[in-house]
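Notes to accompany the following structure.
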Amino acid sequence: MKTTFTARRLFTPTEEVFDPLLVVEDGRITNLSSRSSGELPQGSVVDFGDAILAPGYFDIHIHGGAGVDAMRASADELPRLGKFLSAHGVTAYFPTTVAASMDSTCAALERLADAIEAASTSGSGGDHPQARPVGVHLEGPFLSPRRRGVHPPEYLLEPTIAIFDKLWQAARGHVRMMTIAPEIPGAMEVIAEAARRNVCVSIGHSDADMQAAQLGVKAGARHATHTFNAMHPLDHREPGILGEVLGDDAITADVIADGIHVSPPVVKVFLQSKGTERAVLITDAISATGMPDGTYQLGPIQVEVRDGRCTSNGSLAGSVLTMDRAVRNVTQFSNWSLRQAVRAATLNPARAAGIPEMYGTLAAGARADFTVLSPAGDVLKTIIGGRGF
Ligand SMILES: [Zn+2]
């Protein structure tokens, strides 16, 4: 079955195509051209009028949403999260753990591995598209007790390859990302081993000075987790980890652009430092996202949610941000265009995470996972595997 999608504009996202013709067959993009250079093809054509076609958003740091906690969810609950995410333009995500007991972490990783394997074989959820879980992000247990945020101190561990391997085995090799504090004893070895297994090692939840952060990058880290949050603050005479994160063009970094975790002018500073090629948007969203105020679970942590703020014992505990709002916020907090903001939620996270080029981009050979956006960046429709229109 061949379907051609068209609209006013398309973001690849490195380029903008006017009057695009996006040809989809069997869940893949087989051709991308412009109406000005090609005739309207035969077969069925879906015209989205004034809208913009953009790659599906890729959230590499998300703990839950729609009342579903990624660590606690059973296999039949995760599709509810996938449907919720797709309504906000997300087509792929990394369910993200928090520090918890080894037993419950391993049990969660086994369930998530089941979900990832099921999603890779079961298609897109038919006419009710669901964002796919495509890998696990381990946020913990290798975090600094001094910058742990709400991660319970009793579950933080000093990194060893044996512990990392136990987590890796429980997840059946589906760990694609790991946040680790580079300055804690044992971190360097584990960073090197994880990088060897093609995990995107991300420095964060860290009190590191600049030198320790640089050693982490030398050992194999290539990304940074929620820049500014749970990090030693930037000082102009003692740059610390942030000096490395913001200044080193060899690494990518992400930020929570909800206007609560980082103030809008500092989000702008972040975007200017990392640039359109290296800035990544994440949500760090928890199960409360899309739900009323109240009390929610984040792994083993109880979180109070009020007026868009998630807290536990006075510390920020994730967000209720959705990726479509993060993208729109970036266009308001900075002078970035919608296309640049979209890039930070699509191609950049896919590249940072080392996911092959079939995600995060609209080009021949890529998955037909895309969003239909209004010119203001509102999600009108999400297509996954060429379905859902
Ligand atoms: Zn998180």
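Summary table below
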item: Qualifying positions in the stretch 1-46 - under 26 Å from Trp336 (Cα atoms) and not hydrophobic (A, V, I, L, M, F, W, C); result: Thr6, Arg8, Arg9, Thr12, Pro13, Thr14, Glu15, Glu16, Asp19, Pro20, Ser33, Ser34
item: Of the criteria (1) open to solvent by 50 Å² or more (accessible area, probe 1.4 Å); (2) of a type in the set (Ser, Thr, Tyr); (3) in contact with a Lys or Arg (Cβ under 9 Å, 6 or more places away or on another chain), which one Tyr93 fails; result: (1)
item: From Ala107, Ala118, residue being surrounded by fewer than 18 Cβ atoms within 10 Å (Cβ to Cβ) and modelled with pLDDT under 95; result: Ala118
item: Residues of the stretch 202-228 classified as under 30 Å from Arg172 (Cβ atoms) and either in contact (Cβ under 8 Å) with a residue 40 or more places away in the chain or within 16 Å of the ligand (Cβ to nearest atom) (or both), total; result: 11
item: The listed residue being more than 23 Å from Val245 (Cβ to Cβ) and either touching a Leu at 6+ places or on another chain (Cβ under 7 Å) or crowded, with 18+ Cβ neighbours inside 10 Å (or both), out of Ala170, Ala181, Ala194; result: Ala170
item: Residues within the stretch 123-174 that are away from the ligand (no atom under 16 Å from the Cβ), among the hydrophobic types (A, V, I, L, M, F, W, C), out of contact with any strand residue (DSSP E or B) (no Cβ under 7 Å at 6 or more places or on another chain) and in a loop (DSSP other than H, G, I, E, B), tallied; result: 1
item: Of the criteria (1) over 16 Å from Asp369 (Cα atoms); (2) buried (at least 18 other Cβ atoms within 10 Å of the Cβ); (3) out of contact with any Pro (no Cβ under 6 Å at 6 or more places or on another chain), which one Ala100 fails; result: (3)
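Yes/no matrix, rows are residues, columns are (1) in a strand (DSSP E or B); (2) more than 28 Å from Pro152 (Cβ to Cβ); (3) open to solvent by less than 10 Å² (accessible area, probe 1.4 Å):
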site	(1), (2), (3)
Ala213	no, no, yes
Gly216	no, no, yes
Phe228	no, no, no
Glu238	no, yes, no
Val245	no, no, yes
Ala250	no, yes, no
Asp254	yes, no, yes
Pro265	no, yes, no
Gln272	no, yes, no
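The values are calculated or read from the model by the stated rules, or taken from the named source; none is laboratory data. Given the structure is predicted, the values throughout are model-derived calculations rather than measurements. Heads up, the Cβs are rebuilt from the backbone with ideal geometry, glycines too, and the neighbour counts pull from every protein chain shown. The accessibility values were calculated without ligands, DNA or RNA, using every heavy atom of the protein model including side chains. Shrake-Rupley method; radii C 1.70, N 1.55, O 1.52, S 1.80 Å.
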